[in-house]
Ligand code: BJW
Ligand code: ZN
């Protein structure tokens, strides 16, 4: 922790890559693990274009269920502490989450790498739609099925998002990985770009991940607790 505080004292740019673990304390389930979303369903079934083609209504139902949970959720202490970091640094947030909780804190520089669950788009003509609260899967004026505007397995991330994420990773004096299992690419490659450019890479997680052996510091604990301790250490 002392090494980190020392690095932060000389840092200008601080980048966060967040995953579903950061929203766990807002009551939103993670994907993998004991009580993860994929305990009962396979990712291929629910988060892939093939799964959507096979059973679009099942996928729409699953997203409706998640939207209901997320609609009631608020940013937790971890999201709010990241916003607080803006008082000391240029803060850049790259999130894999589709829940919009970082946006709710008003953080200035944000990329939602995997999209946003409250946006939709036509799977045929790509026309964009806002939030749609319908039990039955809606159709576009072109006749195509409407789907959530999120990134599924095998789909490319938006060019603009990935290029900002790369820039913010390369620029980072300190790069935090918060609440992500670090197994989904290309997001999981970002800490390597930070490290290559001399950034100090810190992982905050309740357990080790496949990225742990490659980073500078692993801080074990919940995102809200650990981030709060860091901020207090910084302002001491
Ligand atoms: C806490 C905590 C607390 C809990 N405090 N911590 C290179 C190598 C191998 C494979 C590939 C590769 N490059 C691409 C691939 C294929 C694939 C991939 O990565 N597969 C791997 C699984 C092997 N990637 C893709 O397909 C990507 N697309 C792509 O590469 O396109 C290329 C292309 C180019 C041109 C044309 C066509 C294609 C797209 C990936 C999209 C991922 N989408 C999802 C769904 C999003 C929509 C939705 O939400 O429904 O994104 S999958 C899911 O995983 C979701 C998440 O954002 C993502 C990451 O999960 P996350 O956030 O890390 O959650 P968990 O549950 O895994 O982990 C939670 C962590 O929190 C745990 O570690 C806990 O311990 C921790 N935790 N409580 C702190 N309180
Ligand atoms: Zn359409």
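Looking at the range 213-224, which of the residues that are more than 16 Å from the chain's Cα centre (by Cα) and more than 25 Å from residue 151 (Cβ to Cβ) is farthest from ligand 1 (Cβ to nearest atom)?
216
For residues that are farther than 20 Å from residue 90 by Cβ and surrounded by fewer than 20 Cβ atoms within 10 Å (Cβ to Cβ), scanning just the range 2-24, find the one that is farthest from ligand 2 (Cβ to nearest atom).
Selected residue: 2.
Can you tell me how many residues in the range 111-152 are more than 16 Å from ligand 2 (Cβ to nearest atom) and exposed (fewer than 13 other Cβ atoms within 10 Å of the Cβ)?
Number of matching residues: 4.
Any residue at all in the range 45-62 that is within 18 Å of residue 209 (Cβ to Cβ) and at pLDDT below 95?
no
Which members of the range 42-72 meet the condition of being under 21 Å from the mean Cα position of the chain (by Cα), loosely packed, with under 14 Cβ neighbours inside 10 Å and free of Cβ contacts under 8 Å to residues at least 40 places away in the same chain?
Scanning the range 42-72 gives 42, 65, 68, 71.
Any residue in the range 76-88 that is within 16 Å of ligand 1 (Cβ to nearest atom), at pLDDT 95 or above, surrounded by fewer than 16 Cβ atoms within 10 Å (Cβ to Cβ) and assigned to a loop (DSSP other than H, G, I, E, B)?
No: zero hits.
State the number of residues belonging to the range 126-154 that are within 19 Å of the chain's Cα centre (by Cα) and under 15 Å from residue 66 (Cα atoms).
Total meeting the criteria: 3.
When you go through 177, 227, 190 one by one, which is the residue that is under 16 Å from residue 81 (Cα atoms), part of a helix (DSSP H, G or I), under 17 Å from the mean Cα position of the chain (by Cα) and within 14 Å of ligand 1 (Cβ to nearest atom)?
Testing whether each residue is under 16 Å from residue 81 (Cα atoms), part of a helix (DSSP H, G or I), under 17 Å from the mean Cα position of the chain (by Cα) and within 14 Å of ligand 1 (Cβ to nearest atom) leaves just 227.
Taking residue 201, is it more than 25 Å from residue 46 (Cβ to Cβ), buried (at least 21 other Cβ atoms within 10 Å of the Cβ) and either away from ligand 2 (no atom under 16 Å from the Cβ) or modelled with pLDDT of 95 or more (or both)?
yes
Can you pull out the strands (runs of 3 or more DSSP E) entirely within the range 105-168 that have at least 1 residues that are more than 26 Å from residue 198 (Cβ to Cβ) and more than 13 Å from ligand 1 (Cβ to nearest atom)?
Counting at least 1 such residues, we get 115-122, 146-150.
Show the residue pairs that are 6+ apart or on different chains and have beta-carbon atoms under 7 Å apart, the first residue being within the range 111-134 and touching a residue at least 40 places away in the same chain (Cβ under 8 Å) and closer than 15 Å to residue 145 by Cβ, the second being in a loop (DSSP other than H, G, I, E, B) and within 16 Å of ligand 2 (Cβ to nearest atom).
From residues that are touching a residue at least 40 places away in the same chain (Cβ under 8 Å) and closer than 15 Å to residue 145 by Cβ, the pairs are 123/144.
The values are calculated or read from the model by the stated rules, or taken from the named source; none is laboratory data. All of these numbers come straight from a predicted model, not from anything done at the bench. Glycine also receives a Cβ, built like all others from the backbone with ideal geometry; neighbour counts cover every protein chain displayed.
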